[in-house]
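**Q** Dumping the structure here so I can ask a few things about it.
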Amino acid sequence: MAILDEKGLSGWVKRFLDLVFIGGIGIFIFLPLLLKWYFENIYRINGENYNFLLVFLYITGFACLVIVNELRRIFKAINKGNPFIMGNVHSLKRISFASFFISLAYVVKIICFNSFLTIIIAMVFIIAGLFCIILAEVFHQAVIVKEENDLTI
């Protein structure tokens, strides 16, 4: 089985990301109803934190949709056989910005409603943001080398 091909592993990941993106948009649209249902049926409290959580989930949900969409773009380029393009560098930088934005939102949540999981998620997104910045620079250097190679041929 090929790995970097539309019919290979990267193609399957791209299709999975498409489903996640569509599902995320659906959740984003119906978030007030889903959160209300959660408070009434699962949490069983009258929604004392409803407004804070609704705003928090909209902010972090939008940033997560940005991340998934940028990953879809990266995998689309990979499936075309051209991973070292400036578009992927820009996508990785946008992913790092969205990751830092999510970690900032979780730091605010730590101040308002702290939990151990909130601290872990904030740290994970900080690490993801740093990783994407480094990976973007690696891709940038690969694009430069590729362009120099293309000019010498």
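Bear in mind that the values in this text are calculations on the coordinates, not laboratory data. Just so we're clear, the structure is a prediction, and the values are computed from it rather than from any experiment. Ideal geometry is used to build each Cβ from the backbone, glycine not excepted, and the neighbour counts take in all protein chains shown.
**Q** Shape verdict for the chain, please, from the Cα gyration tensor: rounded (a/c under 1.5), prolate (a/b greater than b/c) or oblate.
**A** prolate
**Q** Here's a follow-up. Ratio of Rg to Rh for the stretch 66-153, alpha carbon only, Kirkwood? Walk me through the numbers before you get to the answer.
**A** On the way: Rg = 16.3 Å, Rh = 14.2 Å.
Rounded to two decimals, Rg over Rh is 1.15.
**Q** Where does helix 9-29 land angle-wise versus the long Cα axis of the chain, in degrees 0 to 90, nearest 10?
**A** Orientation of helix 9-29: about 30 degrees from the principal axis.
**Q** Around Lys14, with a cut-off of 13 angstrom between Cβ atoms, what is the net charge of the other residues, counting Lys and Arg +1 and Asp and Glu -1?
**A** Around Lys14, the charge tally is +2.
**Q** A further question follows. Based on other C-beta atoms within 10 Å, arrange Ile27, Ile120 from fewest to most.
**A** Ile120, Ile27
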